[in-house]
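Asks: Structure in structure tokens, see below.
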């Protein structure tokens, strides 16, 4: 049994017992809509008479005319293992491709590699270390980075998943609507959706739109400082299509709710709105860290998983829904034996009134 974990948000603590950590994903892409049998959802809103639902009931929790916004990023096989010229073992996690032959990456080794040194990855790929850039290294590959990763890389499962990546993880650690390759972690709230559920939402009159935010390795980095203002986020690339910006505007006009599927979708929309007053079409990069007191301009409701203690994601959810409401949700989830983290259950939360 893992020791209890805690996160400090402002002056509050949320404790999560290790028994509730989901290390295996429930089968969300099963035929015949079996999703709802295995995935639960907690509804966190004022006056909710029934806090527990099955995920297939989500259409009944939304109204016709609401807009669900999804992150359609696709996880790449970003992890490579190998050795240094000295023979020491090394593990590389690609953060992003900078060009056809260069990439920014995290490198784990007994001693930091020096600029100019060569890493031998996947038994045969010689990669040159060009420079260190903060927590990352700029690496040069002999061939196209994406093609090499597809042939030799492995799925970068979260660090608390104990098993090595398996063939089924390539399918399960991917949303059914993923299409834009570039993430090193899945937008996990989207893992709960399958084709039958998307069809049921459309039949209900709930509209859908998409953004792309390529989740970086920084999503695994905990908050290590007591003062949240001192925490620095890694930059992540995002893009908002014109159709999505227009759909948000139309939803606002008809009085519908903007429902973000996952914290990455919320960050994308709110980062654009913080810069422009409202989400605008185009591509950009954000290092926005959403903390209590942030002014939310776009998102009304959020579908999200139960997150790691000391994570920026939990801080974001607490800012959106309120610290005490989130504490109550986590206590209830523990009592009801919900599954936690990337492969776990979810909650639907309303924005705290201003």
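Values quoted throughout were computed directly from the atomic coordinates according to the rules given, and no laboratory measurement underlies them. Note that this is a predicted model, so its numbers are computed, not measured. Virtual Cβ from ideal backbone geometry, glycine too; neighbours counted across all protein chains shown.
Asks: Tell me, in nm to one decimal, what length is gained between residue 354 and residue 243 on full extension, where the rule is 0.36 nm per residue of separation less the Cα-Cα distance?
Replies: Details: separation 111, 0.36 × 111 = 39.96 nm, distance 2.86 nm.
My answer for the length gained is 37.1 nm.
Asks: Could you tell me the relative contact order of segment 235-352? Use alpha-carbon pairs under 8 Å, at least six residues apart, and round to a whole percent. Walk me through the numbers before you get to the answer.
Replies: Working: 171 pairs, mean separation 33.2, N = 118.
About 28 percent, as a whole number.
Asks: I've got another one for you. Label residue 327 and residue 162 with points 7 Å out from Cα along Cα→Cβ: what is the distance between them in nm?
Replies: It works out to 3.2 nm between the two label points.
Asks: What percentages, rounded to whole numbers, describe P(r) for segment 79-152 computed over all alpha carbon pairs with 5 Å bin width beginning at zero?
Replies: Here the calculated profile for segment 79-152 is 4, 18, 34, 29, 13, 3.
Asks: Just subtract the alpha-carbon distance of residue 89 and residue 230 from 0.36 nm times their residue separation and send over the number in nm, one decimal.
Replies: In short, 47.4 nm is gained.
Asks: Follow-up. How far apart, in nm, are two points set 7 Å out from the Cα along the Cα-to-Cβ line at residue 252 and at residue 111?
Replies: Going by the 7 Å Cα→Cβ label model, 5.7 nm.
Asks: Counting other beta carbons within 10 Å of each residue's own, what order do 263, 312 fall into, fewest first? If you can, show how the numbers build up before the last one.
Replies: Working: 263 29, 312 23.
Ordered by Cβ neighbours within 10 Å, fewest first: 312, 263.
Asks: Here's a follow-up. List 347, 233 from most exposed to least, where exposure is judged by having the fewest other Cβ atoms within 10 Å.
Replies: On the way: 347 25, 233 16.
Neighbour counts put them in this order, fewest first: 233, 347.
Asks: Provide, as a two-decimal number, the C-alpha radius of gyration of segment 171-291 over 2.2 N^0.38 Å, N being how many residues it has. Walk me through the numbers before you get to the answer.
Replies: Working: Rg = 15.3 Å, N = 121, 2.2 N^0.38 = 13.6 Å.
For segment 171-291, the normalised Cα radius of gyration comes out at 1.13.
Asks: Output the Kirkwood hydrodynamic radius of segment 201-353, Cα pairs only, in Å rounded to one decimal. Numbers along the way, then the final one.
Replies: Numbers: mean 1/r = 0.0616 Å⁻¹.
Final number for the Kirkwood radius of segment 201-353 is 16.2 Å.
Asks: Right, something else. At 0.36 nm per residue, and after removing the present C-alpha to C-alpha distance, how many nm does the segment from residue 199 to residue 285 gain when stretched out fully?
Replies: Details: separation 86, 0.36 × 86 = 30.96 nm, distance 3.20 nm.
Additional length available on full extension: 27.8 nm.
Asks: Sticking with this structure for a sec: Using the number of other C-beta atoms within 10 angstrom as an exposure proxy, rank 318, 117 with the fewest first.
Replies: Working: 318 24, 117 13.
Fewest to most other Cβ atoms nearby, the residues stand as 117, 318.
Asks: Suppose the Debye formula is applied to equal point scatterers at every Cα of segment 303-354; what is log10 I(q)/I(0) at q = 0.20, 0.24, 0.29 Å⁻¹?
Replies: -0.65, -0.94, -1.32
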